[in-house]
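These notes concern the structure reproduced below.
The values are calculated or read from the model by the stated rules, or taken from the named source; none is laboratory data. Because the structure is a prediction, the values reported are computed rather than measured. A quick note on method: Cβ atoms are made from the backbone with ideal geometry, for glycine too, and the neighbour counts reach across all protein chains shown.
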Amino acid sequence: MKIRLGIIGTGIAARDLHLPALRNLHDKFEIVCVCNHTEKKAKEFSILVGGVPYYLDYHELLSQKDVDAVDIVLPIHLNYQVTRDAAEASKHVIVEKPIASNLEDAQRMLDLSKKCRTVMMVAENYRYNPVFMRIREIIKEGRIGNPYAVFWDCFALTASDNKYARTTWRIHHKYPGGFVMDAGIHNIAVLRDLFGEIRDGVALTRSVNPEIGKMDSMSFLFAFENGVNGVFNSYFSVRGQAENKLKVLGSDGTLVADGNRIILNRGAGGGLEENIQTDRGYTGQFEDFHRAIVENREPVSTFEKAFGDFRTMVSALDSSMKWQTSELTLRS
């Protein structure tokens, strides 16, 4: 069964991330119309996907009877309003992460999903990335024993010609955390999937390069309810160093994910190294969206999970503000 899909928002993520995945699934999705408030972008995207009708007002797209579902790929602060309108139009929804721009709207999104009869899903591709799915399997199989610590270092080079860094709504963001929130929510989703809820934590944040927003750097120290401790470093204005490395320490071994490469080191007990083929989970998330619609079931990346991811990030950012305004000092 092909799902007739309308795409609302034709910017970078729709063009570079979602469209390639949808083309991989041409037997499952048919893009029937697109929408962008800027006509030039709407028309260009329409031509890119075969000359389908385009609209400048998303309400017109939602009124089309031949649209079964919508892919909402808009600035974060617009998520709630457009998702609510799509739900009222009885369309299935996949909406880009983070779920909302503030906790109030995130709660409204969660409440909406609980009473809505259509599929409501957040496009958190990390939940479908085969690299992290394999890590979950290895941990579940007990191959590193009992995990007790996790470290994730994300260092990104922000060049002046970076297309994301030049996006106006990201620079003048109407949501907490800027790039730290927009990108770091991926990592929080994986960490929560692996180890459960974070019990407590404190973060330190700063702006190294104000040209890309109010915040671009964070170190988050936390403890999960199951006793695993961790540190998540997210830095987006690094000079001369790019890295995305996850390390999990267990009682019987250490597990490392470095890009698409997974390394299990058990010392004298042996280990393994795997290179995972992945498009970072974009195809997987749309496959799940299709299954959820066709089989009338809950998707993996629910609004409830996305709400938990967002609440965790907001709590981390709030702890940073409390830390910076406190009179706490270290004394010898």
- Message: Going residue by residue through segment 286-296, is there one that turns out to be surrounded by fewer than 16 Cβ atoms within 10 Å (Cβ to Cβ), assigned to a loop (DSSP other than H, G, I, E, B), modelled with pLDDT of 90 or more and not assigned by TED's automatic domain parsing to the domain that holds A223?
- Response: yes
Being surrounded by 20 or more Cβ atoms within 10 Å (Cβ to Cβ) and either under 21 Å from the mean Cα position of the chain (by Cα) or on the phi > 0 side of the Ramachandran plot (or both) narrows G259, G196, G240, G213 down to just G213
For segment 119-141 the number of residues that are out of contact with any helix residue (DSSP H, G or I) (no Cβ under 8 Å at 6 or more places or on another chain) and either in contact (Cβ under 8 Å) with a residue 40 or more places away in the chain or surrounded by 24 or more Cβ atoms within 10 Å (Cβ to Cβ) (or both) is 3
Residue count, segment 5-18, condition surrounded by fewer than 24 Cβ atoms within 10 Å (Cβ to Cβ) and either part of a loop (DSSP other than H, G, I, E, B) or outside the structural domain of I47 (by TED's automatic domain parsing) (or both), comes to 1
Of V93, V82, the only residue that is hydrophobic (A, V, I, L, M, F, W, C), in the same structural domain as E298 (by TED's automatic domain parsing) and in contact with a Phe, Trp or Tyr (Cβ under 7 Å, 6 or more places away or on another chain) is V82
Across segment 80-103, the tally of residues that are crowded, with 24+ Cβ neighbours inside 10 Å and farther than 20 Å from H290 by Cα stands at 2
Tell me, yes or no, whether segment 298-316 has at least one residue that is modelled with pLDDT of 90 or more, among the aliphatic types (A, V, I, L, M), surrounded by fewer than 16 Cβ atoms within 10 Å (Cβ to Cβ) and farther than 25 Å from A223 by Cβ. no
task: Could you tell me whether any residue of segment 244-255 is in a strand (DSSP E or B), of a type in the set (K, R) and over 21 Å from the mean Cα position of the chain (by Cα)?
output: no
